[in-house]
Amino acid sequence: MSAPTRVVAQGTFDILHPGHVHYLQDAATYGDELHVIVARSENVTHKAKPILSDRQRLEMVDALDVVDEAHLGHLDDIFVPIEQLEPTVIVLGHDQHHDATAISRALEARGIDCRVERATPRASQYEDELLSTGSIIDRICARRT
């Protein structure tokens with residue numbers, strides 16, 4: 001019996017929304033097990049810091065049926081969890097800022113044999129659907145002021 005195909009998805013997952021769920025459902029189609037790495041707040045430098053705590057975001061992602069196991073990211077080296085999980089494939093979100101080619105090169109340099117894919121975007125299902133945490137926060141602020 002061969003080992004299961006392990007998939008890793010990663011992200012901030014601040015204020016879960018349908019775009020996150022779509023990303024994780026799409027990522028799960030690449031293999032048998034879906035492991036999700038939730039970025040630590042300290043490591044989020046490409047956008048505003050998360051509203052929710054690391055542990056709360058981890059708990060929410062881990063509660064999703066599509067996720068086999070959620071993990072907090074490493075404080076100093078984003079590749080440590082990848083080395084520990086030994087995935088067959090890493091699936092990036094369709095709009096994540098990561099450069100798939102650069103990640104592939106970094107994996108190869110570290111002797112990690114896995115491919116990098118990009119998830120598909122979710123098409124809006126209805127007129128007022130919000131598919132980004134920033135949009136959700138903007139709507140909350142607009143309605144509460």
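Please treat every number below as a calculation from the coordinates, not as lab data. Note that this is a predicted model, so its numbers are computed, not measured. Cβ coordinates were reconstructed from backbone atoms using ideal geometry, including for glycine residues, and neighbour counts include every protein chain displayed.
The table for this structure:
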| quantity | calculated |
| --- | --- |
| Listed residues ALA100, PRO18, LEU131: farthest to the positive end of the dipole of the chain (Cβ charges) | LEU131 |
| Relative packing of peptides 95-103, 11-19 - highest average C-beta neighbours within 10 Å first | 11-19, 95-103 |
| Selected from TYR30, VAL67, GLN56, residue furthest toward positive end of dipole (the chain; charges at beta carbon) | GLN56 |
| FRET E, pair ASP62, HIS94, Förster distance 22 Å, beta-carbon r, rounded to 0.05 | 0.50 |
